[in-house]
Amino acid sequence: MALSVKHLLGIKYLSLEDILLILETAENFKEVINRPIKRVPSLRDITIANLFFENSTRTRLSFELAEKRLGADILNFTASASSVTKGETLVDTVNNILSMKVDMLVMRHPNPGAAIFLSNHVSANIVNAGDGTHEHPTQALLDAFTIREKLGEIKGKKIAIIGDISHSRVALSNIFCLQKLGAEVMVCGPTTLIPKHMASLGVRVTHNLREALNWCDVANVLRIQLERQDIKYFPSLREYIMLFGINKAIIDSLDHEIVILHPGPINRGVEITSDVADSSQSVILDQVENGVAIRMAVLYLLAGKVSS
């Protein structure tokens, strides 16, 4: 089997069959990375460039480790140390890199749609590692993989996405992915941090944290992205914590046990307290481990289309 797409630009462009194929392939790669010898030579003839025009720790390390586990040759690019600072265009920068016989690109960029734009100008396969506030497809896939691993299936499950929905690329990708897999989705946060078009995506909307937690099987808790906010969206961090911060007392008061996810980085004591993040209900570290397997699966499946 093969993916129906040449690039991974967003969950929006994947079919249900594509998503299931990635999840099934990731299961095989998770077995590989838990062996004493964690490498397979699947991509030993492939060169991958990691283009990060924005800071990243988990995603960059996860992609780089996935590439090494698959035996690929790796080229790392950081915008702050490149000719981009001299005014070079994105297309010129990438074409210069591709002229070195690079086969695939993994790109994070602060502008929404950057990966889509680039796919129309270059021939290499592109993996979107996050484009502004638009999408972060591999994060949604690893979240889905983690939920399925924990609960057995996703169809029919209730997933609440809580926090800064407006500035999150994780939220949109998760909504698309979970809905395609048959889950019900609710978003929860301050009115100012939930876009008005959310209801049109077929998700429930609430501004009451307890309502969301009582309803859901899984809570995916998002960070307040202060670095993306150009104005104040709520009176104070203290007020946000009082209304939307998840602590052990709230979790223990629910009439059922829920699974806690967080894409990281965690602002401990803000959107989630340490005793919740480190509890048995949290699968945050599982998400990190599963991220390597998911990215191995994506790179492996797209590599089959390198020459197409």
Original post:
Hey, what number do you get for the chain at 222 nm if only DSSP H runs of n ≥ 4 count, each worth -39500 (n - 2.57), divided across all residues, to the nearest 500?
Top reply: -11500 deg cm²/dmol
Subject >> Ordering of 274-281, 15-22 by burial proxy (mean other Cβ atoms within 10 Å per residue, highest first) >> reply: 15-22, 274-281
Original post:
With a sphere of radius 15 Å drawn around the Cβ of Ile116, what net charge do the other residues whose Cβ falls strictly inside it have (Lys, Arg +1; Asp, Glu -1)?
Top reply: +2
Original post:
Which whole-angstrom value gives the distance between the alpha carbon centres of region 160-181 and region 243-305?
Top reply: 13
**OP:** Could you pull out every one of the aspartates and glutamates with an alpha carbon less than 16 Å from that of Lys180, ignoring same-chain neighbours closer than 8 positions?
**Re:** Glu17, Asp18, Glu24, Glu135, Asp143, Glu153
Original post:
Under a Cβ-Cβ cut-off of 13 Å, what is the net charge of the residues other than Asn95 that fall near it, where Lys and Arg count +1 and Asp and Glu count -1?
Top reply: -1
Subject >> Neighbour net charge for Gly156 - beta-carbon separation under 13 angstrom, K R +1, D E -1 >> reply: +1
Original post:
Which whole-number percent gives the relative contact order of region 137-284, counting Cα pairs below 8 Å spaced six or more residues apart?
Top reply: 24
Original post:
What is the packing order of peptides 179-188, 237-246, 95-104, 290-299, taking the mean over residues of other C-beta atoms within 10 Å and listing the highest first?
Top reply: 290-299, 179-188, 237-246, 95-104
Subject >> Charge dipole of region 137-284 about the Cα centre (unit charges at C-beta), most positive-ward option of Ala199, Leu181, Val218 >> reply: Ala199
Original post:
Which helices pass in the chain if a helix is a full DSSP H run, must span at least 27 angstrom along its long axis by Cα, and must have mean Kyte-Doolittle hydropathy not below 1.0?
Top reply: 284-303
Subject >> Positive dipole terminus of the chain, leading residue within Ala297, Ile258, Gly152 (C-beta point charges) >> reply: Ala297
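No lab work stands behind these numbers, since they all come straight from the coordinates. As the structure is a computational prediction, the values presented were derived from the model and not from experiment. Because the Cβ atoms are built from the backbone with ideal geometry, glycine has one as well, and the counts that use them run over all protein chains shown.
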